[in-house]
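Every read-out reported here was derived from the displayed coordinates using simple, explicitly stated rules and does not represent laboratory data. Note that the structure is predicted; figures quoted are calculated from it, not measured. Cβ atoms come from the backbone with ideal geometry, glycine included; neighbour counts cover every protein chain shown.
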Amino acid sequence: MPRHASCATRRRTRQPPGSRRFLPRAIHPNRLRALSDLCQCLGGRVPTAIEWEGVLALANRTLVTPALAEALDIAGSPDPAIPPDVVGLLQVIAERTRARNRLMHAQLAEAVAALNARGITPILLKGAALLAHRGPDCANRLLTDLDLMVREDENGSAVEALEGIGYHRLLSMHQDEQGANLGRERDAGGVDLHFRLKRVGHGRDAAWLMASCRPFPIGDGVASMPSPAALAALFVLHDQLQEGDYWRGRIDLRHLVDMAAIARQVDGNALAALFPPGRARRALAVQLHSLSTWLGQSMGMPPGEGGWRAAFQDRRRHWQLRYPASETSLTLFSWLIDPPFSLYEQRGIAARGKEMRRMLLERKATKV
């Protein structure tokens, strides 16, 4: 890491008065500044007076360091303003990401072939879709697991097919009616098998998604690849509604980078059409505004979407980045102005309570 003799001094002078007790020591003291600098770097621009320690810490925590290495052209002609030790670190991470993704690409191809042998054509979700599209030498996207979707009536056969090549069920938050998490000791990551998208309303199943897919060869098998608009929708649905970021004011920067990479291929009207009016459209508006604000990419959201509640969520994200301790009170206020309960109306009081506690108390380290 670059040496800055006055680093500790700068931390003290830049820290807002009275905020010290709110800011974790492992995170850059000014999260908004660190995020801004990181996002400029992800756009290929190195800001002046950048503090690499804070930027790299945030990149590592949000799992975008491989994307940062590519954006700064570390493998080609990096900006001479980037310190050599930063260049070396990013090169190592890019190489290790490539090696890991080769393993995960082979794992994905094997899983698809096993499912095909049972007459099942899985849909590639999120990172699995990006890995399949970019190929085994992908070095700019870190995956933690492989997400696949099958029809509900194929779920049992799909699990058996994967168990037949050595997978076993893992303990997880998945419910049986949602899918299964599976893993093997020898693999770099697990397989998350879905047949319904969790907690995003009715009708968001494999049949709904299949209408926006095309066949995609991978290894000796064939999977279904979502269209760019459908892939963008999956990231929004997962982050904003499934994980509750719409109410919690959190940003999954890795998924925002994924959306930026496909932004020019997405038709805004086609994307909006995948979301029913109301809360889901507001969640989409917030995500697209964050994409434009932080990464400078637009997907052409139709005008007039979102309204004042989406505008509030945009503003609260900036406030929350400065004052992390405000998250709980702002989340409670978000529930008041845009209650999430209808998303869980079929799950019973106990399930609703568990979900509310998770949304309020869980702190996922990879989000800002």
**Asked** When averaged across all projection directions, what area in nm² does the alpha-carbon convex hull of segment 278-321 cover?
**Response** 3.0
**Asked** What relative contact order, as a whole-number percentage, does segment 101-226 give when Cα pairs under 8 Å and 6 or more residues apart are counted?
**Response** 32
**Message:** For segment 56-125, compute Rg over Rh where Rg is the Cα radius of gyration and Rh is the Kirkwood radius from the inverse mean 1/r over Cα pairs.
**Reply:** 1.19
**Message:** Restricting to bridges with both residues inside the chain, how much of the DSSP beta-bridge set is antiparallel, in percent to the nearest 5?
**Reply:** 75
**Request:** Any chance you could run the full-extension gain for A99 through R184? It's 0.36 nm times the residue separation minus the Cα-Cα distance, nm to one decimal.
**Result:** 28.8 nm
**Whole-Hz ³J(HN,Hα) from phi, Karplus 6.51 cos²θ - 1.76 cosθ + 1.60, for segment 183-193, glycine and proline x** = x, 9, 4, 7, 8, 6, x, x, 10, 9, 9
**Request:** Give the shape of segment 227-368 as rounded, prolate or oblate, defined through the alpha-carbon gyration tensor: a ≥ b ≥ c are the square roots of its eigenvalues, a/c under 1.5 means rounded, and otherwise the shape is prolate if a/b is larger than b/c and oblate if not.
**Result:** prolate
**Request:** Subtracting the Cα-Cα distance from 0.36 nm times the residue separation, let me have the gained length for D153 to H133 in nm, one decimal.
**Result:** 4.5 nm
**Potential lengthening between L332 and W308 on full extension [0.36 nm per residue; Cα-Cα distance subtracted]** = 6.9 nm
**Asked** Convex hull over the alpha-carbon atoms of the chain: what's its volume per residue in Å³?
**Response** 143
**Asked** Which whole-Hz ³J(HN,Hα) couplings does segment 81-95 yield from phi under the Karplus relation 6.51 cos²θ - 1.76 cosθ + 1.60, θ = phi - 60°, glycine and proline marked x?
**Response** 6, 7, x, x, 6, 5, 4, x, 4, 5, 5, 4, 5, 4, 5
**Item:** Loop-exposed GluC sites (Glu not before Pro) per DSSP, neighbour cap 15 Cβ within 10 angstrom, longest uninterrupted part of the chain
**Value:** 1-176
**Value of [θ]222 nm, deg cm²/dmol, for the chain, DSSP H segments ≥ 4, -39500 (n - 2.57) each, nearest 500** = -15000 deg cm²/dmol
**Prompt:** Which value, in debye to the nearest 20, describes the size of the charge dipole of the chain about its Cα centre when Lys and Arg Cβ atoms bear +1, Asp and Glu Cβ atoms bear -1, and nothing else is charged?
**Reply:** 1760
**Item:** Amide proton proximity set for A223, modelled H, under 5 Å, gap of 5+
**Value:** F216, I218
**Message:** Using Cα-Cα distances under 8 Å and only pairs 6 or more residues apart, what relative contact order does the chain have, in percent?
**Reply:** 15
**Asked** Taking the Cα centre of each part, how many Å lie between segment 287-326 and segment 211-232?
**Response** 29
**Prompt:** What fraction of the Cα pairs in segment 226-273, stated in percent, has a spacing above 17 angstrom?
**Reply:** 32
**Fill in**
Per the 1/(1 + (r/R0)^6) rule, R0 = 22 Å and r from the Cβ atoms of A207 and N269, FRET efficiency to 0.05 is 0.50
**Complete:** Distance in nm between T144 and T48 label points, each 7 Å along Cα→Cβ, equals 3.8
